[in-house]
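Derivation of every value follows stated rules applied to the coordinates shown; laboratory data play no part. Computed from a prediction, not measured in an experiment: that's the story for all the values here. Here Cβ is always computed from backbone atoms with ideal geometry, including for glycine, and neighbour counts include all displayed protein chains.
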Amino acid sequence: MYRLIKIFLPFSIFLYGQNEDLPIDGIAAIVGENIILKSDVSQVVGMTALQKGLDVTRAQAILEKIQGDVLSSLVDQKIILEMAKLDSIEVNDKDVDRALEQQIETFIMRAGTEEMAETMLGQSLNDFRREYWYDMRDRLITEQYQQQLIMSVNINREGVFNFFT
């Protein structure tokens, strides 16, 4: 999918870049072969605001801080994802589906109804599932890689003592 973005993004900018009426998604950051779009940042900011129960029309200063934090976090995740790919970390599709459904259930529970969740996400839940599936897979890969790194750390009394002396 990312390779398609690399091919079609410059082409779409060439075709539609002259017309100011058509919105074009911008690139927020590039990490290795991964592109972080501004819409990706906006989507995660929206989900974060939903999870925290923020009113997006009133909490502009908080949203700007969240946006900076989200972009930094997405860049960190893409760096870890690149490292995980080097170590050939993979996740099962069923695990991705299960994690995504849990995320959607959480949104619905916090929003109150499916319709309110869709309104807050700015799209239908089915569209969200389709668009966010690959992001969830990447998130699970990075989490598994981080867990693998943590499990390889061996802490003992002598190591702690040597560190502080």
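A few points about this structure:
- Nearby lysines by direct alpha-carbon distance to LYS38 (threshold 22 angstrom, same-chain neighbours under 8 apart not counted): LYS6, LYS52, LYS65, LYS78
- Comparing Cα centroids, the range 123-165 and the range 24-39 end up 22 angstrom apart.
- Fraction of alpha-carbon pairs over 20 Å apart in the range 74-165 - percent: 53
- Each label point was placed 7 Å from the Cα along the Cα-to-Cβ direction; for LYS52 and GLU143 their separation is 2.0 nm.
- Two-site FRET efficiency, ASP127 against GLN102, from Cβ-Cβ distance with R₀ of 30 Å, rounded to 0.05: 0.95
- Candidates ALA111, ILE141, GLN123 compared by Cα position along the dipole of the range 102-141: farthest toward the positive end lies ILE141, with charges placed on Cβ.
- In this rough spin-label picture, where each label sits 7 Å from Cα along the Cβ direction, the ILE30-ILE62 distance is 3.6 nm.
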